[in-house]
Amino acid sequence: MSAASWRRAMSSTAASASTIAPQLAPVRPLPSRRRGRGSFMRWVRASIRPRHVIVLAALLIYPAVASPFFTFQIGGQALTLGLIALSLTFLAGYGGMVSLAQGTIGGVAGYTVAILGSSGSPLSLGWPWWLAVLIAIALATVFATFVGWLSVRTEGIYTIMITLAIGVAFYYLCLQNYSVFNGFQGFHKVRPPVLLGIDWRDPVPFYFLTLFWALTGYFFVKYLVRAPFGVALQGIRDNPRRMNALGYHVNAHRVAAYAVSGLIAAIGGVLLVWYNSLMTPGTINTQALISILIIAVLGGMRHPIGPFIGAIVFVLLQNFAIDLVARERFNLVIGGVFLAIVLFSSDGLLGLWARVRGWLTRGARVS
């Protein structure tokens, strides 16, 4: 190549780079402590809309107008399952990593609370409830980080199979081990503490306990996905090679996402063992793991509110489908509902509602 040809090639390369460079989002520096507080308050003012206030008011009034069955069996269970499914929504919707081990992570937290805390089994150590809960959440988060460390080197169906294999392995470990996990009998009478004179497993207190953590998880995810870490995670979801070229450590961000989702799933797992008042291998079997995925997909995996909507539908079907079909045919009912929603909307019930609202809006404009 002649010198003139080399100069022309370098000039064209520089021009192309100057054209592409503005399209690449620069890395924003981490805000200072003062700027962080201001940005958080601006985010709160920009994120809370009138509909949020209306929904929150309805959630607070709900126990006053609902029976104890609907307060505990429907409301408390839906919020608990929705919190575990929220961890999957964050991981898959914003990180692009579908994991079937979220129920297992919640199970690790639940078993830790049952083993270290108090229950009807002599295997429980009887430690203070707050210490058992803190260790359970920490241990489940570490376990989720380990799952992420194993899974981030794969993509697609391989990630799903690895996380499913981990879940199945933990299920059989709990089922066959009697010295630590008490085998298929598990742990019974694993109840939340009586604190401030309140039995937190009573319908109304337990409902508000789950509501508090559901709202905390929801707003935490809402804030995190707009923070630098969440924006980088979504960029890695869309184009990992480009984000790697920009200097981001792709695998480190993915493992961190697993840790964050594990923290959310661990809190949901503690609430779930308190809701059931027991911890057995049936809580973490394959059907339970797939149920978390169904709940997340039903509501919509692109919105933090989606898993809670999916959990409400799932719990309602679980409790009232037996009025239409036999109990053993529940999986057929939930499978039919799942297929119908997926066929008509790629974004679950929220996507279906957005499509219907668009039709209504266009019809109103035409008329």
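The values are calculated or read from the model by the stated rules, or taken from the named source; none is laboratory data. The structure presented is a predicted model; accordingly, all values stated were derived computationally and were not measured. Note: ideal-geometry Cβ built from the backbone for every residue, glycine included; neighbour counts use all protein chains shown.
Do we have ALA311 as closer than 19 Å to GLY93 by Cβ and touching a Leu at 6+ places or on another chain (Cβ under 7 Å) here? Write out each step before concluding.
Values: closer than 19 Å to GLY93 by Cβ: yes; touching a Leu at 6+ places or on another chain (Cβ under 7 Å): yes.
For ALA311, the condition - closer than 19 Å to GLY93 by Cβ and touching a Leu at 6+ places or on another chain (Cβ under 7 Å) - is met.
Which one is surrounded by the most Cβ atoms within 10 Å (Cβ to Cβ) among residues in segment 322-350 that are among the small types (Gly, Ala, Ser) and modelled with pLDDT under 75? Lay out the reasoning, then the answer.
Of all residues in segment 322-350, those among the small types (Gly, Ala, Ser) come to 326, 335-336, 340, 345-346, 348.
Next, from what is left, pick out any that are modelled with pLDDT under 75: 326, 345-346.
On the way: ALA326: 9, SER345: 17, SER346: 13.
Applying the filter and picking the extreme gives SER345.
Please count how many residues of segment 186-211 are modelled with pLDDT under 90 and of a type in the set (Asp, Glu).
Adding up the residues that qualify gives 1.
Output the number of residues of segment 121-142 satisfying the condition of being more than 17 Å from GLY269 (Cβ to Cβ) and hydrophobic (A, V, I, L, M, F, W, C).
Just the residues of segment 121-142 that are more than 17 Å from GLY269 (Cβ to Cβ), to begin with: 121-123, 125-128.
From what's left, hydrophobic (A, V, I, L, M, F, W, C): 123, 125, 127.
The total comes to 3.
So which residues in segment 136-156 are part of a helix (DSSP H, G or I) and β-branched (Val, Ile, Thr)?
Taking segment 136-156 first, the residues part of a helix (DSSP H, G or I) are 136-151.
ILE137, THR141, VAL142, THR145, VAL147 - these are the residues of segment 136-156 that are part of a helix (DSSP H, G or I) and β-branched (Val, Ile, Thr).
May I ask you to list the residues in segment 256-272 that are in contact with a Phe, Trp or Tyr (Cβ under 8 Å, 6 or more places away or on another chain) and more than 13 Å from GLY230 (Cα to Cα)?
GLY262, ILE264, ILE267, GLY268, LEU271, listed by residue number.
Look at segment 251-295 and say how many of its residues are of a type in the set (Phe, Trp, Tyr), touching a Pro at 6+ places or on another chain (Cβ under 9 Å) and farther than 22 Å from GLN185 by Cβ.
Final tally of qualifying residues: 0.
Does SER87 satisfy the criteria of being in a loop (DSSP other than H, G, I, E, B) and not aliphatic (A, V, I, L, M)?
no
Name the residue, out of LEU134, LEU116, LEU100, that is surrounded by fewer than 24 Cβ atoms within 10 Å (Cβ to Cβ) and either out of contact with any helix residue (DSSP H, G or I) (no Cβ under 8 Å at 6 or more places or on another chain) or free of Cβ contacts under 8 Å to residues at least 12 places away in the same chain (or both). Explain how you work it out, then say what you get.
Values: LEU116 fails: either out of contact with any helix residue (DSSP H, G or I) (no Cβ under 8 Å at 6 or more places or on another chain) or free of Cβ contacts under 8 Å to residues at least 12 places away in the same chain (or both); LEU100 fails: either out of contact with any helix residue (DSSP H, G or I) (no Cβ under 8 Å at 6 or more places or on another chain) or free of Cβ contacts under 8 Å to residues at least 12 places away in the same chain (or both).
Checking each option against the conditions leaves just LEU134.
Can you tell me which residue among TYR111, TYR94 is touching a residue at least 12 places away in the same chain (Cβ under 8 Å) and in contact with a strand residue (DSSP E or B) (Cβ under 9 Å, 6 or more places away or on another chain)?
Numbers: TYR94 fails: in contact with a strand residue (DSSP E or B) (Cβ under 9 Å, 6 or more places away or on another chain).
Exactly one residue qualifies, and that residue is TYR111.
Write out, first by first residue and then by second, each pair whose Cβ atoms fall under 8 Å of each other, whose residues are 6+ apart or on separate chains, and whose first residue, in segment 35-62, is within 19 Å of PRO228 (Cα to Cα) while the second is modelled with pLDDT under 85.
So the pair list comes out as SER39/PRO31.
Those residues that are assigned to a helix (DSSP H, G or I) and surrounded by 24 or more Cβ atoms within 10 Å (Cβ to Cβ), I need them from segment 290-307; list them, please. If you could, list the steps in order and put the result at the bottom.
Pass one, segment 290-307, residues assigned to a helix (DSSP H, G or I): 290-299, 306-307.
Result: ILE292, ILE295, ALA296, VAL297, LEU298, GLY299, GLY306, PRO307.
Condition first: at pLDDT 95 or above and among the hydroxyl-bearing types (Ser, Thr, Tyr). Now tell me which residues in segment 217-273 satisfy that.
TYR258, SER261, listed by residue number.
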